[in-house]
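Computed from the coordinates by the stated procedures, all read-outs in this text should not be read as laboratory data. Since we're looking at a predicted model, the values are computed, not measured. Backbone-built Cβ (ideal geometry, glycine too); neighbour counts: all protein chains shown.
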Amino acid sequence: MAEAKPETKLREEFDRWAADGRGEGMESDHLPITLPMLARMDLQADENVLDAGCGSGWLSRLISGRVTQGRVVGMDISEEMIRHARRASVDAANVMFIIGGLDEIPWESHFFTRVASVESAYYWPDPARGLAECFRVLREGGSAWILINYYRDNPYCHQWGETLAVPTHLLSGSEWEALFTAAGFSDVSHTNIPDPTPTPAAYTGRWFRDAAELAAFRAMGALLLTGKKAGAGLE
Ligand SMILES: C[S@@+](CC[C@H](N)C(=O)[O-])C[C@H]1O[C@@H](n2cnc3c(N)ncnc32)[C@H](O)[C@@H]1O
C-alpha cells in the first residue's frame with residue numbers, strides 16, 4: 001500500500017488533537033510566549049493578518065481585537081481544528097477561518113501586512129516552500145513572525161521528535177534564518193522568548209523528564225523568527 005502523503009498524516013493527527021479538545025488547551029500553554037511576540041509586532045488597527053496553522057483560532061481572535069479596521073484569516077490544514085475555530089468565533093466580525101496548507105496558501109498574493117504563526121512551522125512538510133508561500137501572500141513592507149518551541153538550539157525539547165506521531169523539522173535559529181532569506185525575506189532575525197510560567201515542584205507529563213528539565217526549557221524559551229518583505233507599501 002502506498003505511504004500516505006505527509007499532508008494527509010498531519011491532517012489526520014491534528015483532527016484527532018482537535019476532537020480531543022487539545023486545540024483549546026494550547027491557548028494557555030502558548031499565550032505566555034505569544035504575548036511578547038504580539039508586543040513586538042505592534043499591530044495597527046488597519047492591518048490584515050494571516051494566522052498560519054491557527055489551530056482552534058485563539059490567536060486569530062486575539063489579533064482581531066487589535067486590527068479592528070482590518071481582517072484576520074486563520075488557516076489550518078486540519079478541518080476539525082477549523083470547525084472548532086469557527087464555532088468559537090461567531091462573535092468576531094473581522095475573522096474568517098479557511099482550511100489550507102502552507103504548501104499552497106489558498107489566498108491571493110500581496111494581501112497580508114503580517115503573517116503570524118505559533119507552534120506550527122516545524123510540522124510543515126516543506127518549510128522552505130511554506131516560507132515562500134508566506135512571502136507571496138505578504139504585501140511589500142509586510143513581515144512574517146514565526147514562533148516555535150521545538151528547535152535545535154534548545155536541547156530540552158529534542159526528545160519531542162520521537163514522541164510526536166508526525167514528522168518534524170529540528171532546525172537551529174540560523175538554519176531557519178537561511179530559509180527565510182532563501183524565500184526572499186530581508187531584515188531576517190531570530191531571538192529567544194523565555195516562558196515566564198512558574199514551574200510546578202513535580203512534573204508528571206510526557207514531554208519532559210522532570211520539573212528541572214521543564215524549567216530549563218522555559219528559561220531558554222521559544223524561538224521567534226522574523227523577516228520582512230522589502231519594498232514600500234506600508235509605513
Ligand atoms: C501545535 S498546533 C498549534 C496551533 C495554534 N497555532 C496554537 O498555538 O494553539 C499546530 C497546528 O499547525 C497546523 N499545521 C501543521 N502543519 C500545517 C501545514 N502544513 N499547513 C497548515 N497547518 C498546519 C496543525 O494542523 C495544528 O493545528
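Quick one: net charge around Val188, please, counting Lys, Arg +1 and Asp, Glu -1 for every other residue with C-beta under 9 Å from its C-beta.
-1
Legend: P(r) of the range 85-235 from all alpha carbon pair distances, 10 Å bins from 0, whole percents, reading 11, 34, 32, 20, 4, 0.
With neighbour counts taken as other beta-carbon atoms within 10 Å, the residues Val90, Val188 rank, fewest first, as Val90, Val188.
Contact order, relative form, for the range 70-178: 22 percent (alpha carbon pairs under 8 Å, 6 or more residues apart, mean separation divided by residue count).
All alpha carbon pair distances within the range 186-235 were sorted into 10 Å bins beginning at 0; the resulting P(r) in whole percents reads 23, 33, 19, 15, 9, 1.
Label positions at Arg206 and Asp187, each projected 7 Å from the Cα along the C-beta direction, are separated by 4.2 nm.
Computed extension gain for Arg66 through Ala165, at 0.36 nm per residue and net of the alpha carbon distance, reaches 32.1 nm.
Note that the range 149-193 carries a Kirkwood radius of 11.7 Å, evaluated over its alpha carbons pair by pair. Using helices alone, I'd like the mean residue ellipticity at 222 nm for the chain: each DSSP H run of four-plus residues gives -39500 (n - 2.57), total over residue count, nearest 500. After summing the helix terms and dividing by residue count, I get -11000 deg cm²/dmol. In nm, give the distance between the simple-model label positions of Ala178 and Glu13, each being 7 Å from the Cα along the Cα-to-Cβ direction. Between Ala178 and Glu13, the label points sit 2.4 nm apart.
Note down the relative contact order for the chain as a percent, whole number, built from C-alpha pairs under 8 angstrom at least six residues apart. Please list the in-between numbers first.
Numbers: 471 pairs, mean separation 43.3, N = 235.
Value for the chain: 18 percent.
How much net charge surrounds Leu59 when only other residues with a Cβ under 13 Å from its Cβ are counted (Lys, Arg +1; Asp, Glu -1)? Net charge around Leu59: -3.
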